[in-house]
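Please read the structure below before turning to the comments.
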Amino acid sequence: MNITTETVKEIDGVKLHQIKTDKYKTNTIVWKMKAPLSKDTVTLRALLPHVLESSSAAYPTTAKLRAYLDELYGASLYVDLSKKGEYHIISMTIEMANEKFLSDQTPLLRKAFELLSELLLHPLSNNGAFDREVVESEKRTLKQRIQAVNDDKMRYANLRLVQEMCKDEAYALHVHGELDDLPLITESSLYHYYEKALAEDELDLYMIGDIDTNEVEQYVRELLPLKTRPIKEASIARANDLIEPETIKEEQDVKQAKLNIGYRTGITYGDPEYSALQIFNGIFGGFSHSKLFINVREKASLAYYVASRLESHKGLLMVMSGIDNNSYGQATSIIEEQLEEMQKGAFTEEEITQTKAVIQNQMLETMDTARGVAEVLYHNIVSQQKMDLTEWMNGMEAVTKEDIITVAKKVQLDTIYFLHGKEVQK
């Protein structure tokens, strides 16, 4: 099954990925900048894409930039930050109509590349500094974004589990940076970091749509003249064979307690056992037919929600649940029992088949959008793999019950984090 074909070409400092398809009536450019997570740069890096997105030399206000996007038949522009393993990734996406479907033959694709070049290479700046007003405005917004995590106790519990579980690892850093760093960032220090990132980050550009590949290559050469650079490898922390599990309990004024449990698997995206790990996770806690959902939520009525997820590039498995303050002991026991059941092979071929189908349908749904295609293919860059989607699907289909039991036995408890209210029984 050939789902999509990707051609990759190195052009100076940019790795150009072209996915030529007539599936969409739009053309989508996804720009990725990857660097190792670092406490020294995490907040600068979290602020940078929002400053770049807000204005440029040619479009010095957000209103002028948005008005120009409207002129391009309502083109859209957005930025995003993500954390994949020990890497911090900036994304910038421009999506525009394909001029093939318009009566007006405005060269929209070229204009989109010109806009990307403008935003990346010609930001609103003067004498080695970004515009002060823009930086201060985006700092205020970033502060709100960081503080919002404390107000959302589900996200807060996820963050605290990772901070405790990975306390000596770069992965513990929050994707949006640290509040304490914000007052120290100036328009000059941010501009200095911008120059460094543009010179040193690993750069990938995904072009998805019904396009002329030679034309796209020409635009990249002409409009994104960047220099080659050595790839910076993140320092990957691997778990020891022997883990001493920790339990962290935190009291706050919450009505619904959060029980989050972190496990190490030692398996990451691209590893031979990764497909089996995905199916293990689906049966264990990933979907509504999973053991955690049925036994913790449905049968025992202990959880308002319960699920598990994988951090594909870090080899972590996280269980997240919302429970009553006094259900800690019973909930942890049932979760532990479900893992033991998986390790014993107490699941059926029907569950395996159902889980494979759900995972494959999820993947096909993701591939229905151009941004989804870029995100899926980008896993290969982070993991330094060359797995295409046909291989991925075939690998998933080939997983056996024995494979799942083998990976289940590699899952080791690392940290239990329990956020509870003041009424909890001691």
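The values are calculated or read from the model by the stated rules, or taken from the named source; none is laboratory data. Only a predicted model underlies this, so the values are computations on that prediction, with no experimental measurement involved. Methodologically, a virtual Cβ is constructed for each residue, glycine included, from the backbone with ideal geometry; neighbour enumeration extends over all protein chains shown. Note: accessible area is taken over every heavy atom of the protein model, side chains too, but ligands, DNA and RNA are not part of it. Shrake-Rupley method; radii C 1.70, N 1.55, O 1.52, S 1.80 Å.
Sum up the charges of everything whose Cβ sits under 11 Å from the Cβ of Thr61, counting Lys and Arg as +1 and Asp and Glu as -1, but leave Thr61 out. Each step should come with its number before you reach the end.
On the way: positive: Lys64, Arg66; negative: Asp131, Glu133.
Local charge sum for Thr61: 0.
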- Specify whether the C-alpha gyration tensor of segment 6-223 places it in the rounded, prolate or oblate class, a ≥ b ≥ c being the square roots of the eigenvalues: rounded for a/c under 1.5, otherwise prolate if a/b is larger than b/c and oblate if not. prolate
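As a test of reading the structure, rank Asp414, Asp271 by solvent-accessible area (1.4 Å probe, protein chains only), most first.
Values: Asp414 20, Asp271 50 Å².
Of Asp414, Asp271, the descending order of accessible area is Asp271, Asp414.
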- Which angle from 0 to 90°, rounded to the nearest 10, does the C-alpha axis of helix 132-151 make with the longest principal axis of the chain? 10 degrees
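Hey, what did segment 6-223 get for relative contact order, percent, Cα under 8 Å, at least 6 apart?
On the way: 334 pairs, mean separation 85.7, N = 218.
Relative contact order, segment 6-223: 39 percent.
Tell me the net charge near Gln144. Cut-off is 12 Å between Cβ atoms, Gln144 excluded, with +1 for each Lys or Arg and -1 for each Asp or Glu. Intermediate values should be presented prior to the final figure.
Working: positive: Lys139, Arg140, Lys143, Arg145; negative: Glu138, Asp151.
Around Gln144, the surrounding residues sum to +2.
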- So for Arg229, Arg66, Arg221, what's the accessible-area order with a 1.4 Å probe, most first? Arg221, Arg66, Arg229
- Query: Of the labelled options (i) 25.9, 109; (ii) 22.1, 73; (iii) 23.3, 72, which one gives Rg and Dmax of the Cα atoms in Å as computed for this structure?
  - Reply: (iii)
